[in-house]
1. Just to be sure I understand the filter: pairs with C-beta atoms under 6 Å, separated by 6 or more residues or on different chains, first member in the stretch 167-183 and in contact (Cβ under 8 Å) with a residue 40 or more places away in the chain and assigned to a helix (DSSP H, G or I), second member open to solvent by 10 Å² or more (accessible area, probe 1.4 Å) and among the polar types (S, T, N, Q). Which pairs pass?
2. Given the structure, is residue 281 more than 22 Å from residue 215 (Cβ to Cβ) and assigned to a helix (DSSP H, G or I)?
3. Within the group 227, 188, which residue is free of Cβ contacts under 8 Å to residues at least 40 places away in the same chain, assigned to a helix (DSSP H, G or I) and closer than 23 Å to residue 287 by Cα?
4. Is the stretch 259-266 home to any residue that is in contact with a helix residue (DSSP H, G or I) (Cβ under 6 Å, 6 or more places away or on another chain), in a loop (DSSP other than H, G, I, E, B) and either over 30 Å from residue 407 (Cα atoms) or open to solvent by 30 Å² or more (accessible area, probe 1.4 Å) (or both)?
5. Quick one: which residue in 426, 388 is at pLDDT below 95 and loosely packed, with under 15 Cβ neighbours inside 10 Å?
6. So which residues in the stretch 231-268 are closer than 25 Å to residue 335 by Cα, of a type in the set (Val, Ile, Thr) and modelled with pLDDT under 95?
7. Looking at (1) modelled with pLDDT of 70 or more; (2) open to solvent by 70 Å² or more (accessible area, probe 1.4 Å); (3) of a type in the set (A, V, I, L, M, F, W, C); (4) touching a helix residue (DSSP H, G or I) at 6+ places or on another chain (Cβ under 9 Å), find the lone condition where residue 116 falls short.
8. Output the number of residues of the stretch 281-292 satisfying the condition of being of a type outside the set (Gly, Ala, Ser), open to solvent by 10 Å² or more (accessible area, probe 1.4 Å) and in contact (Cβ under 8 Å) with a residue 24 or more places away in the chain.
Amino acid sequence: NAPSQDLGRSTRLVQVVPSQPASPGRCGEGLIMGNDSSKEKPSAEAALSESGATEKEEEAPKPPQPQEEDPVPAPPLLPVPLRRQSTASGAQPSILLALRQLERDADKLRNAGLSAFTFTLGIANLLLSAFLFGAMGHSFWLVYGVQGLLIIGYRVAKSLERSRTSGVNVMWYFADFCWMCNFLFVASSSILSLEVIAGADGATFSAKYPMFGLLAAVLAVGPLGWSVVVLNNALVLHDINNYSATFIHLWPPWTMLAIRWNRQAVFETYPGHFDGFAILDGVSTWSLFLIGVRFYVVWWAGFTLWMVVWGRFQSPEKTGRDTVYLDLLRSTPAMRSLCGIRKDHVIDDAAKVAPVLKYMTFHAVSIVASFAFGAFCLTFPPEVVHAPFCVFILGVAVFNGGKRYEYYLTQKEIKALKKLIKEEFPEQKQKEKGL
């Protein structure tokens, strides 16, 4: 009977161990009561009983556990396709696609003129202009004349090159009113410079056209100055397109301020060459307004006729020519809404007569309103309205330039990569809504 008792005792010990751990005393009791042979080599019946108990324990039903709610997964930082593998359609690895997009954007910036040299040149021009404005304000019109020849001349040359290489003629941009005014200013500055160098006295340009000085002043402080605000001109130092567009609108008001602020020194240094400014104090606000409006009407009538007959049909896609009119409609939603242009049908809608007339009417109302401000500004001493206005538009141009560089550094590449994702991985369009 002893072996059977030992077997039964060992079996009960095995049944107790899986379900509840034995205390140290209980475990010691089992070791004493068991014989040595069972410890060294368990019998076949004990092994069978142990395996049976284990199977029963495994088969025993477990109490139902409360199911935990799945936590809401955090949205991924990047879409699924952005990984180092090819898509099912055989697209290239995503990292290479992103790299090529960055390289394309870098090439665009370089083609626009971005380099250490152009940036340094832009900064140097600003510093030199500020220094000469303060050091020799009575001769700042010479500074504008030289800079105009260089900056506007370079812009025209780049536009010619672009027209040849791209196949799109952009030279019609220079038919715009602001460009025509600056061509006139640069030409008159060149004539005045030659007269000063030659020592001409009597039959000067100013003596022949005494009202030209008044016209230049009201044009500079009126339409050109306000164009900085309306067109969001930006002092982007490396881009000749942006820089020249800002130059033709920002420099003329400052040049007129320099002449008005140092008027006596101008008359003494260049006698007989600025007679138009000598009569500025005796001209009424209404007369100044009419001088500007009459000049504008001549341009407006010719340009509107050209637009209705020929200009409205021009587009890079159809004729290989571009205009300021079409460029504004494409880039400015407010202008499209004003002219009744549909976003997806800009070229077709822009070729109609009604949008052209709406555009030219808006242009006329804006310019005439700016003439009213310019005439009002010129009837006061320069430090009252003219100087604060120049500081204001300079601040606008600098701020817009800062926003442009902020866009280049923090947003441009992100937008480009988002667009790339949508183009290369259309199957992930729904997953990318959070981007």
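1. 178/227
2. Answer is no for this residue.
3. Residue meeting the stated conditions: 188.
4. yes
5. Selected residue: 426, the only one of 426, 388 that is at pLDDT below 95 and loosely packed, with under 15 Cβ neighbours inside 10 Å.
6. Answer for the stretch 231-268, where residues must be closer than 25 Å to residue 335 by Cα, of a type in the set (Val, Ile, Thr) and modelled with pLDDT under 95: 236, 240.
7. (4)
8. 5
The values are calculated or read from the model by the stated rules, or taken from the named source; none is laboratory data. Fair warning: this is a prediction, and the values are worked out from it, not measured in the lab. Neighbour counts run over all protein chains shown; Cβ positions are idealised from the backbone, glycine included. The area values use the complete protein model at the heavy-atom level, side chains included, leaving out ligands, DNA and RNA. Shrake-Rupley method; radii C 1.70, N 1.55, O 1.52, S 1.80 Å.
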